[in-house]
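The values are calculated or read from the model by the stated rules, or taken from the named source; none is laboratory data. Just so you know, these numbers come straight off a predicted model, no measurement behind them. Note that we place each Cβ from the backbone using ideal geometry, even for glycine, and neighbour counts take in every protein chain shown. For the accessible areas, the whole protein counts, side chains as well, though only heavy atoms, and no ligand, DNA or RNA atoms are used. Shrake-Rupley method; radii C 1.70, N 1.55, O 1.52, S 1.80 Å.
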Amino acid sequence: MAKHVLVNGAGGFIGGHLVKRLKSEGFWVRGVDIKRHEFAESYADEFILGDLRDPSVVREVMQGIEQVYQLAADMGGAGYIFSGEHDAVVMHNSATINLNCLELGRLAGVQKFFYSSSACMYPEYNQLDPDNPKCSEDSAYPAAPDSEYGWEKLFSERLYLAYMRNHGIQVRIARFHNIFGPNGTWRGGREKAPAALCRKVAEAADGGEIEIWGDGKQTRSFLYIDECLEGVRRLMDSDFTGPVNIGSEEMVTINQLAEMIADIAGKKLTIRHISGPLGVRGRNSDNRLIREKIRWSPSRPLREGLERTYRWIDAQVTTAQVSLTTS
Ligand code: NAD
């Protein structure tokens, strides 16, 4: 009989893609989210609209489930996480979801949990030099994340590990580094850098201008969704608990990212730098541990994923413009 799995956050970007991947592998999938997926129909065998902060909802969705992929979080890009305005809700909502899922999941007999942590839990002091950020898994302590979102991720990593030690459940923890791709938030304030820049480029006329927060010299790496899912599934099936980075090692500046997208779009654009929420100065995935422990790491070039993502966002922008002119 097919294994019964639950995907929390199935109405979100990574969760939506994960449901599809798990279905293609033959799992029976229940998805849960507080909202329906904005851009795609769910492939889940059962999709439950529910709030995972509510214990009665969590108790219900855990019934008959062997494995849980816990992706639900109060989450967004720099404009949401670093403004300071959402700190209390981010910590309260995400911690409550994780506390509920572990306790009620274990009581319902769930055997294994995947938890999506984030590179945002790494200490700021190791990410001040844009050319040499340090994000090896063992550099997490002394802890000093630069956002409350990162602190909650660190707390919840520890919560999952504590449940594993004290209650005998199995746990797998990944620290995602900037995952991007089609079917993700691309406007509205929660979008992350690749989607926001794709939107700005799609909306700009050839020869026009786009805005970038900061001087654009801050560095990051970006991982395409398909490779993220490959890492998640390999980690889940391995005997390695983690926490382990799932990210790309192809580090670029935000200026380079914008230039690559403009090039994909075939547009000549000027970049104007404005002030805005930024996050750490440099960040890159360090994939030595994932290579050692599960004998795999992401390998596809950034440009390849950006081409697919740009095409999707360009189409979204066109559709939005058409519906604006016809309404
Ligand atoms: P997302 O915002 O698209 O998905 C999260 C989903 O959780 C949303 O659909 C949201 O509605 C749902 N959710 C929030 N509160 C809920 C609640 N109370 N009850 C039920 N559902 C609720 O984000 P994503 O990019 O798909 O991220 C998935 C996970 O991966 C998150 O835990 C995030 O912190 C982590 N992560 C993502 C990235 C990235 O680059 N996308 C990087 C690091 C970590």
Efficiency of FRET from Cβ geometry, residue 203 and residue 291, R₀ 41 Å, rounded to 0.05: 0.55
Against the rule of thumb 2.2 N^0.38 Å, how large the Cα Rg of the chain comes out: 0.98
Kirkwood hydrodynamic radius of the range 140-216, Cα pairs, Å: 16.0
Global form of the range 1-44, assessed from the alpha-carbon gyration tensor, a/c cut-off 1.5: prolate
Accessible surface of residue 294 - all protein chains present, 1.4 Å probe, nearest 10 Å²: 20
Accessible surface of the range 40-197 [probe 1.4 Å, protein heavy atoms]: carbon and sulfur percent: 50
Full-stretch length increase - residue 158, residue 273 - with 0.36 nm per residue and alpha-carbon distance subtracted: 37.6 nm
Potential extension, residue 217-residue 304 segment - 0.36 nm per residue separation minus Cα distance: 29.1 nm
Cα centroid separation, the range 296-318 to the range 59-82 (Å): 24
Contact order relative to length of the range 176-250, as percent, for alpha carbon pairs under 8 angstrom and 6 or more apart: 43
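Do any of 3/153; 134/200; 112/293; 3/112 go past 23 Å between their Cα atoms, and which?
Working: 3/153 28 Å; 134/200 30 Å; 112/293 19 Å; 3/112 12 Å.
Cα-Cα > 23 Å for 3/153; 134/200; rest within.
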If the convex hull is drawn through the Cα atoms of the range 246-288, its volume per residue in Å³: 96
Within the range 1-87, GluC sites (Glu not before Pro) in DSSP loop having at most 13 other beta-carbon neighbours inside 10 Å: 25, 41, 85
DSSP-defined beta bridges in the chain - what % are antiparallel, rounded to 5: 5
Relative counts (whole %) of C-alpha pair distances in the range 164-291, using bins that are 10 Å wide: 12, 37, 29, 15, 6, 1, 0
Most fluctuating residue given options 285, 42, 116, as computed from a GNM of the chain linking Cα atoms under 10 Å: 42
Stokes-Einstein diffusion coefficient of the range 127-168, Kirkwood radius over Cα pairs, 10 °C, 1.306 mPa s, in µm²/s: 133
Exposure rank, largest accessible area first [152, 259, 250; 1.4 Å]: 259, 250, 152
Largest-first ellipsoid semi-axes for the range 233-313, taking √(5λ) over the Cα gyration tensor eigenvalues, angstrom: 31, 17, 10
Where trypsin sites (Lys or Arg not before Pro) fall in DSSP loop in the range 234-269, at most 12 other Cβ within 10 Å: 268
Trypsin sites (Lys or Arg not before Pro) lying in DSSP loop within the range 170-223, provided at most 16 other Cβ fall within 10 Å: 187, 217
Cα→Cβ-extended label distance, 7 Å offset, between residue 107 and residue 91, nm: 2.6
C-alpha long axis of helix 225-237 to longest principal axis of the chain, angle in °: 20
Among 89, 171, 252: highest mean-square fluctuation, GNM of the chain, C-alpha pairs under 10 Å: 89
Value of Rg/Rh across the range 4-124 [Cα atoms, Kirkwood radius]: 0.97
Segment residue 46-residue 320, extension gain: residue separation times 0.36 nm, minus the distance between their alpha carbons: 95.6 nm
Most fluctuating residue given options 64, 266, 305, as computed from a GNM of the chain linking Cα atoms under 10 Å: 266
Isotropically averaged projected area of the range 79-191, using the convex hull of Cα atoms (one quarter of hull area), nm²: 8.6
Radius ratio Rg over Rh of the range 276-327, counting only Cα atoms, Kirkwood formula for Rh: 1.23
